[in-house]
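*Asks:* First the structure, then my questions, so here it is.
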Amino acid sequence: MNPQAKLIFVASLLLGTTITISSNHWIMAWAGLEINTLAILPLISKSHHPRSIEAATKYFLTQSAASALVLFSSMTNAWHTGQWDITQLSHPTSSLILTSAIAMKLGLVPFHFWFPEVLQGSPLSTGLLLSTIMKLPPITLLYMTSQSLNPTLLTTLAILSAAIGGWMGLNQTQIRKILAFSSISHLGWMAAVIVYNPKLTLLNFYLYTMMTATIFLALNSIKVVKLSSLMTAWTKIPSLNAMLLLTLLSLAGLPPLTGFLPKWLIIQELTKQEMIPTATLMSLLSLLSLFFYLRLAYCTTITLPPHTTNHMKQWRTGKPTNILIAILATMSVILLPISPMIISIV
């Protein structure tokens, strides 16, 4: 892709995200979501492969339907209340439609079918954007309307997402699909607590973004998209694989790594809200996703002979990217010791 065109698309992506997260009017938020959708489509289909074109088409149709539902929800709320302010979502029907639309945009169950296929058909760099930056505007809308959302509906979506995300990721061999189901599972944890503690949802999203960015950047550096290829990566770049191993364990939520912190805080918050059965069920469902995280971590430690003799070329080139991976991996692993300060902020 032309560098100038890529710069325009990335700038439009940042513009659409900024418009949505900084707007108070539903029309402006909808416009930002539409800019985001139009900006990411060329990045998905830039390889001109039939799978990429299929992924871009699925993404466009799904996001267009979700954006239409967002607009319909805001119009319904304005019809009954006379308010276009995002924080004044008081009509129950509008709240229900908005929750469904945001769930479709995020890929929450039962609107999750598009996300693994789109991520599988996208390059790793675009997959990073789809898993992190593209989820920020919908989560921001949920954050701003959290006081008006239906707790029962969100809890149901959270439990289903944690279950399906862990269950369907068990038999996958494509790393991008595994990370897609990992994203669905983590979104379930965020949806479970957003009504009771929205700041905790944002903290969970920020930590998830940091760990996922580390994994995508590391996989992009070693050019790995399948488990069979991941098995040969240890002999190519041992230091990068060590960071990838620890980051995967952190994303799995194993103590004392950073990924354990948001799950710990969410379980604590659900217990405070007297939702002990929900907290117990979410904890048990996280064991499903723990299996494929451990399988990914195990594949990074297998020392099979590499397919190529060009071992260190990819790691020696692109030093700024390597420094970024090292910084993100370090934060993804050792952030937990400062958790008392984070808990005091939340």
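The values are calculated or read from the model by the stated rules, or taken from the named source; none is laboratory data. Everything numeric in this text was worked out from a predicted model, so none of it was measured. A quick note on method: Cβ atoms are made from the backbone with ideal geometry, for glycine too, and the neighbour counts reach across all protein chains shown. Side chains included, ligands, DNA and RNA excluded: accessible areas come from the protein's heavy atoms. Shrake-Rupley method; radii C 1.70, N 1.55, O 1.52, S 1.80 Å.
*Asks:* Assess whether L38 counts as being at pLDDT 90 or above and more than 30 Å from Q174 (Cα to Cα). Even if it seems obvious, please write down each step before you answer.
*Replies:* On the way: at pLDDT 90 or above: yes; more than 30 Å from Q174 (Cα to Cα): no.
Taking the combined requirement at face value, the residue does not satisfy it.
*Asks:* Among the residues of the range 1-15 satisfying the criterion of being touching a residue at least 12 places away in the same chain (Cβ under 8 Å) and more than 23 Å from the chain's Cα centre (by Cα), which is least open to solvent (accessible area, probe 1.4 Å)?
*Replies:* Result: A5.
*Asks:* Another one. Within the range 236-261, take every residue that is of a type in the set (A, V, I, L, M, F, W, C) and assigned to a loop (DSSP other than H, G, I, E, B) and give me the one that is most open to solvent (accessible area, probe 1.4 Å).
*Replies:* Of the residues in the range 236-261, the ones of a type in the set (A, V, I, L, M, F, W, C) are 237, 240, 242-246, 248-249, 251-252, 254, 257, 260-261.
Retained after the next criterion (residues that are assigned to a loop (DSSP other than H, G, I, E, B)): 237, 254, 257.
Details: I237: 2, L254: 53, L257: 24 Å².
Taking the candidates together, the pick is L254.
*Asks:* L200 - would you say it is of a type outside the set (S, T, N, Q), in contact (Cβ under 8 Å) with a residue 24 or more places away in the chain and closer than 18 Å to E269 by Cα?
*Replies:* Yes; evaluated as a whole, the condition is true for this residue.
*Asks:* Quickly run through the range 217-234 and pick out the residues that are closer than 13 Å to C299 by Cβ and in a loop (DSSP other than H, G, I, E, B).
*Replies:* Within the range 217-234, V224, V225, M231, T232, A233, W234 meet the criteria.
*Asks:* Can you confirm whether A29 is touching a Pro at 6+ places or on another chain (Cβ under 9 Å), at pLDDT below 90 and over 27 Å from K177 (Cα atoms)? Steps first, please.
*Replies:* On the way: touching a Pro at 6+ places or on another chain (Cβ under 9 Å): yes; at pLDDT below 90: no; over 27 Å from K177 (Cα atoms): yes.
No: the conditions fail for A29.
*Asks:* Another one. Can you pull out every residue in the range 42-83 that is farther than 30 Å from T93 by Cα and surrounded by fewer than 17 Cβ atoms within 10 Å (Cβ to Cβ)?
*Replies:* Selection gives P42, S47, H48, H49, P50, R51, I53, E54.
*Asks:* Here is a list of conditions, (1) part of a loop (DSSP other than H, G, I, E, B); (2) under 30 Å from M1 (Cβ atoms), and Q83 meets all of them except one; can you say which number that is?
*Replies:* (2)
*Asks:* Quick check on my filter: what residues within the range 61-102 are under 21 Å from the mean Cα position of the chain (by Cα) and in contact (Cβ under 8 Å) with a residue 60 or more places away in the chain? Before the answer, list the steps.
*Replies:* Step one: list which residues in the range 61-102 are under 21 Å from the mean Cα position of the chain (by Cα), which gives 61-67, 70, 98-102.
The answer is V70, and nothing else.
*Asks:* Only one of T214, T201, T209 is open to solvent by 10 Å² or more (accessible area, probe 1.4 Å), among the polar types (S, T, N, Q) and part of a helix (DSSP H, G or I); which? Talk me through it step by step, then tell me what you get.
*Replies:* Details: T214 fails: open to solvent by 10 Å² or more (accessible area, probe 1.4 Å); T201 fails: open to solvent by 10 Å² or more (accessible area, probe 1.4 Å).
Sole residue among the options that is open to solvent by 10 Å² or more (accessible area, probe 1.4 Å), among the polar types (S, T, N, Q) and part of a helix (DSSP H, G or I): T209.
*Asks:* If only one of S94, S45 is in contact with a Ser or Thr (Cβ under 7 Å, 6 or more places away or on another chain), under 30 Å from I222 (Cβ atoms) and polar (S, T, N, Q), which one is it?
*Replies:* Going through S94, S45 in turn, just one is in contact with a Ser or Thr (Cβ under 7 Å, 6 or more places away or on another chain), under 30 Å from I222 (Cβ atoms) and polar (S, T, N, Q): S45.
*Asks:* Filter the range 113-154 down to the residues that are outside any helix (DSSP H, G or I) and under 24 Å from L270 (Cβ atoms) and list them by number. Explain how you work it out, then say what you get.
*Replies:* First, the residues of the range 113-154 that are outside any helix (DSSP H, G or I): 113, 121-123, 132, 145, 149-150.
T145, L149, N150, listed by residue number.
*Asks:* Evaluate the range 164-181: report whether one residue or more is in contact with a Cys (Cβ under 9 Å, 6 or more places away or on another chain), modelled with pLDDT under 90 and surrounded by fewer than 21 Cβ atoms within 10 Å (Cβ to Cβ).
*Replies:* There is no residue in the range 164-181 that is in contact with a Cys (Cβ under 9 Å, 6 or more places away or on another chain), modelled with pLDDT under 90 and surrounded by fewer than 21 Cβ atoms within 10 Å (Cβ to Cβ).
*Asks:* Between a residue in the range 320-335 that is farther than 17 Å from G253 by Cβ and any residue that is modelled with pLDDT of 70 or more and not hydroxyl-bearing (S, T, Y), which pairs come within a Cβ distance under 6 Å, given they are 6 or more apart or on different chains?
*Replies:* I325/L217; I325/A218; L328/M210; L328/A213
*Asks:* Now for a different question. L142 fails exactly one of the following numbered conditions: (1) closer than 17 Å to L202 by Cα; (2) at pLDDT below 90. What is the number of that condition?
*Replies:* It fails just one condition, (2).
*Asks:* Just name the residue that is farthest from E117 (Cα to Cα) out of those in the range 152-163 that are open to solvent by 50 Å² or more (accessible area, probe 1.4 Å) and more than 17 Å from the chain's Cα centre (by Cα).
*Replies:* First, the residues of the range 152-163 that are open to solvent by 50 Å² or more (accessible area, probe 1.4 Å): 152, 156, 160.
Filter once more, keeping what is more than 17 Å from the chain's Cα centre (by Cα): 152, 156.
Numbers: T152: 29, T156: 24 Å.
Here the answer is T152.
*Asks:* Restricting attention to the range 16-40, which residues are open to solvent by 30 Å² or more (accessible area, probe 1.4 Å) and either in contact (Cβ under 8 Å) with a residue 24 or more places away in the chain or over 22 Å from L142 (Cβ atoms) (or both)?
*Replies:* Of everything in the range 16-40, those that are open to solvent by 30 Å² or more (accessible area, probe 1.4 Å) and either in contact (Cβ under 8 Å) with a residue 24 or more places away in the chain or over 22 Å from L142 (Cβ atoms) (or both) turn out to be I21, N24, H25, I27, W30, E34, L38.
*Asks:* Within the range 124-141, restricting attention to residues that are open to solvent by less than 10 Å² (accessible area, probe 1.4 Å) and of a type in the set (A, V, I, L, M), which residue is farthest from the chain's Cα centre (by Cα)? Please lay out each step first, then the result.
*Replies:* To start, the set of residues in the range 124-141 that are open to solvent by less than 10 Å² (accessible area, probe 1.4 Å) comprises 126-127, 130-132, 135, 137-139, 141.
Restricting the remaining residues to those that are of a type in the set (A, V, I, L, M) gives 130, 139, 141.
Working: L130: 7, I139: 10, L141: 15 Å.
Step by step, filter the range 124-141, then rank; the result is L141.
*Asks:* While we're here: From the residues in the range 262-303 that are polar (S, T, N, Q) and free of Cβ contacts under 8 Å to residues at least 40 places away in the same chain, which one is least open to solvent (accessible area, probe 1.4 Å)? Walk me through it before giving the result.
*Replies:* Kept after step one, since they are polar (S, T, N, Q), are these residues of the range 262-303: 268, 271, 273, 278, 280, 283, 286, 289, 300-301, 303.
Applying the additional criterion that residues be free of Cβ contacts under 8 Å to residues at least 40 places away in the same chain yields 268, 271, 280, 283.
On the way: Q268: 78, T271: 66, T280: 71, S283: 37 Å².
Filtering the range 262-303 for residues that are polar (S, T, N, Q) and free of Cβ contacts under 8 Å to residues at least 40 places away in the same chain, the one least open to solvent (accessible area, probe 1.4 Å) comes out as S283.
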